[in-house]
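Let me begin by handing over the structure; questions about it come next.
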Amino acid sequence: MNKNIKILIVDDFSTMRRIIRNLLRDLGYNNTFEADDGSTALPMLEDGDYEFVITDWNMPVMQGIDLLREIRKNPKLKSLPVLMVTAEAKRDQIIEAAKAGVNGYIVKPFTAATLKDKLDKIFERIDGEQ
Amino acid sequence: MVSQDMENEKQPKPKITLEEAQELVMYLEAGMQEEADNRFLAIVRRTEPNVFQEVGNLTRDLHTAICNFAEDPRLRDIADIEIPDASERLRYIIQMTDKAATRTLDAVDACKPIAQEVINSIENLMPMWDRLMHGHIDRFEFVTLCHQIDEMLNTTRDNANTLSHQLNEILMAQDYQDLTGQMIQKVISLVTEIEDDLVKFLITFSEISGIKPKSRDERLAEKIEDERHELTGPALESQKESGVVVSNQDDVDDLLASLGF
């Protein structure tokens, strides 16, 4: 997998963005950027050649699930892999995210190993499809 | 209550007699509306006096209870001072945890490059060191190696000092646990006190009006149903027990697997 892949981290808490960024750096992914909610993330995705999105669910203005739906609706972005990292742990919500086309779902609090595992799985599947 | 008592009587007294009805009709035919109304009310009051008395009692009890509740000085304190104070405490806790997390992350950011530098310098030394250990080194290489080791020892000593200092930072940043813990404890005791008062209030009213509140389980079930589509954030143990919420990442993975992921 190309470790120079451009990743956008979307979370309203700067602490969580820093944690994810640090974990990604440990895994060798250094090309990471941050947005604090869906409404700031969407224009960044439209303008920049991002290849991967990691997003929280519960954020002000535009929530992660809505960002995911916007991404899937947008012809330019629709095949962008989206990994959801969220404290929302209700079965209904996980099913909702799956139906909206999420590529992976991690519940907070999570470990570095879980993040690595989900990233590897998503990339494996994408590589398999290509 | 009242109607039951009436039904239980073996031979119920008629609620209205023929004479009374005729009297009413007479007033009405004569256009004496006021007299008819008064007579009608008198008949009703005579047959069911308890209803009026009951409503009167209830109103008075309710009034007294509300007055007591509203005039309770402790309650005024809670509303005017302690709830705003608790909100302030909770906001402060958010700030403190945020500060502690930032302080810790700053220290981690400062340490990471140092750890990398130590790894890099060891990896640089390793090939020549290996040759020395196997006796395949000449005098010129040996001198170079000594200089490299000398440089590494000096930088590593400085780096170790920095690491130690940053680890201390991380250590000190954990004081938030103690401080916020004390604040959360205060908020919990306030919430418990309000809860107790509310429960007392509810019990008083259910005695007065014969209201049977729903059981805790019924209400909990309703609450879970209401919150089905709301975002609730981190799951509580009680939610996990109800099965609406997954308990860990394995459950998430199983659920997604069952959906074909």
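Out of (1) within 45 Å of the chain's Cα centre (by Cα); (2) in contact (Cβ under 8 Å) with a residue 24 or more places away in the chain, what's the single condition that is false for B:Q148?
Here B:Q148 meets the rest and fails (1).
Quick check, is B:K212 part of a loop (DSSP other than H, G, I, E, B), modelled with pLDDT under 80 and among the basic types (K, R)?
Numbers: part of a loop (DSSP other than H, G, I, E, B): yes; modelled with pLDDT under 80: yes; among the basic types (K, R): yes.
Yes; evaluated as a whole, the condition is true for this residue.
Among (1) within 14 Å of chain A (Cβ to nearest Cβ); (2) in contact with a Ser or Thr (Cβ under 9 Å, 6 or more places away or on another chain); (3) surrounded by fewer than 16 Cβ atoms within 10 Å (Cβ to Cβ), where does B:K99 come up short?
That leaves (2) as the condition not met.
Hey, another quick one. How many residues are closer than 24 Å to A:D11 by Cβ, loosely packed, with under 13 Cβ neighbours inside 10 Å and either under 13 Å from the mean Cα position of the chain (by Cα) or of a type in the set (V, I, T) (or both) if we restrict to the stretch B:227-261?
The number of residues fulfilling the criteria is 1.
Scan the stretch A:10-29 and tell me whether some residue there is over 21 Å from A:E129 (Cβ atoms), β-branched (V, I, T), more than 14 Å from every other protein chain (Cβ to nearest Cβ) and in contact with a Ser or Thr (Cβ under 8 Å, 6 or more places away or on another chain).
yes
Being at the interface with chain B (Cβ under 7 Å from one of its Cβ atoms) and charged (D, E, K, R) is the filter; apply it to the stretch A:76-100 and report the residue that is nearest to the chain's Cα centre (by Cα).
Restricting to residues being at the interface with chain B (Cβ under 7 Å from one of its Cβ atoms) and charged (D, E, K, R), the top hit is A:E88.
The values are calculated or read from the model by the stated rules, or taken from the named source; none is laboratory data. Please read these numbers as outputs of a predicted model, since none were measured by experiment. A quick note on method: Cβ atoms are made from the backbone with ideal geometry, for glycine too, and the neighbour counts reach across all protein chains shown.
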